[in-house]
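Before any comments, here is the structure.
The values are calculated or read from the model by the stated rules, or taken from the named source; none is laboratory data. Note that the structure is a prediction, hence the values are computed from the model and not measured. Using ideal geometry, Cβ is built from the backbone for each residue, glycine included, and neighbour counts are taken over all protein chains shown. These accessible areas exclude ligands, DNA and RNA; they are computed on the full protein's heavy atoms, side chains included. Shrake-Rupley method; radii C 1.70, N 1.55, O 1.52, S 1.80 Å.
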Amino acid sequence: MTTADFVVVANRLPVDRVVSADGEETWRTSPGGLVAALEPVMKQVDGAWVGWAGQADLELEPFTANDIRLIPIALSAQEVAEYYEGFANDTIWPLYHDVIAPPQYHREWWDAYVAVNRRFAEAAAAAAAENGTVWVHDYQLQLVPEMVRALRPDVTIGYFHHIPFPMHGLYAQLPWRDQVLRGLLGADVVGFQRAQDATYFLAAVRRRLKYEVKSTTVVVPGENGDRTVISKAFPISIETTPYLELAARPEVQARALEIRESLGNPKRILLGVDRLDYTKGIRHRIKAYGELLAEGRLNVEDVTLIQVASPSRERVDAYINLRDEIELAVSRINGDTDTMQHTAIRYLHQGYPRDEMVALYLAADVMLVTALRDGMNLVAKEYVASRIDNRGVLVLSEFTGAADELRQAVRVNPHDIEDLKDAIMTAVEMTPGEQGKRMRSLRRRVLEHDVLAWSSSFLEALSAARSSRP
Ligand code: G6P
């Protein structure tokens with residue numbers, strides 16, 4: 001097998017296999033921020049990507065797509081249920097997002113998580129060239145760094161955590177809390193989104209494993225002497241060029257006008273774009289907006305909320321229930337307030353290609369990002385990058401990683417419905433002058449700290465770690 005100097009390991013491949021009704025096989029870009037962030041990085045190096053094709057019981061040979069060499073990992077239907085839907089998305093995901101939904105702890109799920117992490121680690125160890133680099137991503141694969149190190153002590157290992165890391169009082173619930181910390185500490189560099197996440201991780205390492213922690217460095221004792229691990233924040237970003245280019249295209253701008261037209265030319269369009277996930281605060285947003293309409297502070301003739309909620313993890317109970325709750329709330333508000341010409345909420349349980357997303361961003365006077373907890377939230381950055389006209393207002397939850405950087409957004413605590421209502425009104429009423437002032441500053445930040453700046457800073461830390469190795 002050919003090896004690669006640079007191996008990315010992530011739960012998902014950058015493309016999912018989809019089979020149409022007539023049996024034709026196509027590949028579609030995978031959902032979520034991780035893939036969006038890494039694809040442009042991979043295009044610049046000669047590397048390989050180890051991941052799952054998004055479907056159970058699919059055995060595939062390595063292949064190349066969009067110039068990236070892909071190494072597929074097969075998961076059985078039971079592994080999808082126990083490792084992916086179970087441990088990753090019904091244990092770790094809710095625990096790490098402040099237990100917004102109750103995490104489930106099942107020993108069989110943990111066993112499946114260990115077994116699947118080992119499969120990923122073995123594939124990565126086999127794919128990496130002598131003294132190469134392996135970059136492991138996200139909460140589905142927290143044991144992989146330690147497993148790769150055991151198999152391949154010669155390689156340099158990075159781990160980046162795309163979601164929050166919880167404070168110790170919550171993290172301590174995890175029955176396998178020590179094993180997970182040791183898994184992560186197999187890496188030379190453990191990166192997080194926010195400084196706060198790194199602080200929580202280092203505190204857990206100090207308290208649980210009693211390792212020495214000095215500022216961003218952990219001393220990990222081992223049979224062959226001590227190793228040092230660096231852990232700090234590397235806030236992720238987006239590839240800005242495609243957004244700038246799409247936003248400048250006449251047909252995309254025409255599409256934005258057409259969207260406004262088709263909603264009856266409201267004075268203000270509000271927009272929410274999320275995976276349908278309980279972390280995103282979609283219910284809070286809809287509640288606040290519904291109250292503003294009911295109280296007459298907003299009028300359905302003047303405003304429309306477009307809510308794009310793309311389908312996600314549809315077999316996990318918490319997601320099934322959330323969908324019911326949101327759809328009930330949307331239809332109640334629409335039923336109470338719609339007229340023949342105007343709708344309060346245009347709800348779309350669908351995903352859209354990037355050009356349509358940019359048209360939506362251009363049509364949106366107000367972008368609502370009201371997550372209850374979010375590692376970063378790249379939608380906020382996509383909106384800002386797309387507003388080449390320096391118009392529009394970003395309402396941004398303080399519980400997102402993006403809030404650390406996007407200081408000129410209208411900040412909001414989404415748990416406080418009155419605060420959320422006031423933030424929406426502030427955004428709806430903001431003068432063009434004030435919008436321009438804030439948007440220019442937001443854009444400066446996003447354009448300077450794009451995804452290549454993110455990956456360069458992580459990879460620099462990794463190469464510094466490599467050269468400091470004995
Ligand atoms: C978030 C996670 C990613 C995940 C994505 C989509 O962005 O950080 O690791 O891939 O959501 O979720 P899914 O379960 O569909 O992969």
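Is segment 342-451 best put as rounded, prolate or oblate by its Cα gyration tensor, with a ≥ b ≥ c the root eigenvalues, rounded for a/c under 1.5, and otherwise prolate when a/b is larger than b/c, oblate when not? The partial results should precede the final answer.
Details: a/c = 1.15, a/b = 1.04, b/c = 1.11.
It comes out rounded by the Cα gyration axes.
Here the spin labels are modelled as points 7 Å beyond Cα on the Cα-Cβ line, and at Glu122 and Arg297 they lie 5.8 nm apart. With all protein chains in place and ligands, DNA and RNA left out, the 1.4 Å accessible area ranks Ile92, Ile333 as Ile333, Ile92, largest first. Ordering Ala172, Ala254, Gly158 by Cα displacement along the dipole of segment 123-256 toward the positive end leaves Ala172 in first place; charges were set at the Cβ atoms of Lys, Arg (+1) and Asp, Glu (-1). The alpha carbon convex hull volume per residue for the chain rounds to 146 Å³. Of interest is the spacing of the C-alpha centroids, which for segment 406-442 and segment 244-323 amounts to 16 Å. Put a dot 7 Å past the Cα of Gln44, heading toward its Cβ, do the same for Lys210, and the two dots end up 4.4 nm apart.
For a paramagnetic label modelled on Asp338 (point 7 Å from Cα along Cα→Cβ), amide N atoms under 15 Å away belong, within segment 242-284, to 263-264. Every Cα-Cα pair in segment 132-261 was counted, and those over 19 Å apart are 55% of them. Label zone (Asn131, point 7 Å along Cα-to-C-beta; backbone nitrogen cut-off 13 Å) within segment 201-226: none. Listed by chain and number, the aspartates and glutamates whose alpha-carbon sits under 17 Å from that of Lys232, ignoring those within fewer than 8 places in the same chain, are Asp138, Asp188, Asp197, Glu212, Asp404, Glu405, Glu460.
Quick check on packing: order 67-75, 316-324, 144-152 by the mean number of other C-beta atoms within 10 Å, highest mean leading. Each step should come with its number before you reach the end.
Numbers: 67-75: 19.0, 316-324: 16.0, 144-152: 22.0.
The densest-packed peptide leads the list: 144-152, 67-75, 316-324.
When the Cα atoms of segment 1-143 are aligned to their principal axes, the ranges along those axes come out at 45, 41, 25 Å in descending order. Here Lys437 is the anchor, and the lysines within straight C-alpha reach of less than 25 Å, apart from those fewer than 8 places off in the same chain, are Lys267, Lys381, Lys421. Only aspartates and glutamates eight or more places from Lys280 in sequence, or on another chain, were considered; those with a Cα closer than 13 Å are Asp98, Asp374, Glu398.
Compared with the direct C-alpha span, the chain from Phe63 to Ser20 gains 13.4 nm at full extension, assuming 0.36 nm per residue. Once the Cβ-Cβ distance between Leu151 and Glu314 is put in as r, and R0 is 35 Å, what FRET efficiency do you end up with, to the nearest 0.05? The value I calculate is 0.50. Can you tell me how segment 320-384 classifies by the Cα gyration tensor, rounded, prolate or oblate, using a/c under 1.5 as the rounded cut? It is oblate, given that a/c is not under 1.5 and a/b is not larger than b/c.
About its Cα centre, how strong a charge dipole does the chain have in debye, to the nearest 20, once Lys and Arg get +1 and Asp and Glu get -1 at the Cβ?
The calculated dipole for the chain is roughly 1440 debye.
Name the residue farthest towards the positive end of the dipole of the chain from the options Gly47, Met430, Ala112, assuming +1 on Cβ of Lys and Arg, -1 on Cβ of Asp and Glu, about the Cα centre. Of Gly47, Met430, Ala112, it is Met430.
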